Amino acid sequence: MRIGEASKTRRTRLCRRAHTLTYVTEAKRKFNAELCRLYNHHASGKMRSVGARRRNFLTLIRIFDTFTFYGVDVVLLAFLTAGLTQVVKVTLFKRAQKKLVTFLPFIIGTLLYAIYAGLKNLSFYYVLTEYTEILEHGISVGAVATLYYVLYEQFVRVKTNATESERVIGTLIENYVPKENVEKVSKAIAEAIEKDVTGNGAKKAEEIILSYGGEELKESDVQLLCRLIIETLAHINV
């Protein structure tokens, strides 16, 4: 992508977010007011259900936020990517090496965005010449698809107190570290990246994963995984 086009795309995304920030803030304010009212009337034993309602509400806010920031095209492709990823995981990749599954949303997301861009511009040549834009948006699609999978798990299935970043990291590393250590490792990586001011977050994440993963892990595989973690967090936390 040309520098001017990249800057324009960035400004457009920021404008979308700014235009909707007022609505999101107002929605959160109203919910907090409702939460206080519920607490005052039901403080004697119903805070667990209130907490669940708060988690569900914030999940919906997060989904709405991705619409306003990325645009309809990326969000819809992310939903399609998330669905196709699950189908491929239980069919074609059922017996494949589990580590490959980690990269599925990003591979599928890039392919779908390439097809979308080619159809939108009525040119396959566009895909070849603007491959950097295709890759950037493909990673965005994969990152948002991963986020939606995490939100689905939190909203419908498993309820945890982990932060959004920790849950995303946990999803990415679950095939690299023992299951019983996923939560601990994801928390450690999230804290290391948050505190990092040197730009070496990927290196610190690599050290943490290798310390828990065992000798069977290849350093090159972990390095690629850590770069993917950094890129994913950058795309969903902008």
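Label-to-label distance for ASP196 and LEU122 is 4.5 nm, based on points extended 7 Å past Cα in the beta-carbon direction.
Given a 1.4 angstrom probe, I'd like the percentage of the accessible area of region 103-142 that is carbon and sulfur, rounded to a whole number. Present the calculation step by step, with values, prior to reporting the outcome.
Details: 1600 of 2140 Å².
About 75 percent, which is the carbon plus sulfur part of the accessible surface.
When the solvent-accessible area of region 166-214 is split by element, carbon and sulfur atoms take up 49 percent of it, the probe being 1.4 Å.
Set the Förster radius R0 to 25 Å, insert the Cβ-Cβ distance between THR129 and VAL72 as r into 1/(1 + (r/R0)^6), and round the FRET efficiency to 0.05.
Values: r = 24 Å, r/R0 = 0.98.
Computed FRET efficiency for THR129 and VAL72 comes out at 0.55.
Within the shell defined by Cβ-Cβ distances under 15 Å, the residues around LEU210 carry a net charge of 0, with Lys and Arg each +1 and Asp and Glu each -1.
Which GluC sites (Glu not before Pro) does region 184-238 hold that lie in a coil by DSSP with at most 16 other beta carbons within 10 Å?
Numbers: sites: GLU191, GLU194, GLU206, GLU207, GLU215, GLU216, GLU219, GLU231; in loops: GLU215, GLU216.
Of the GluC sites (Glu not before Pro), the ones in loops of region 184-238 whose Cβ has at most 16 other Cβ atoms within 10 Å are GLU215, GLU216.
Computed over protein heavy atoms with a 1.4 Å probe, the accessible surface of region 155-236 works out to 57 Å² per residue.
The values are calculated or read from the model by the stated rules, or taken from the named source; none is laboratory data. Model, not experiment: these values are computed from the prediction. Every residue, glycine among them, receives a Cβ derived from its backbone with ideal geometry; neighbour counts consider all protein chains shown. Surface accessibility is based on the protein's heavy atoms, side chains included, excluding ligands, DNA and RNA. Shrake-Rupley method; radii C 1.70, N 1.55, O 1.52, S 1.80 Å.
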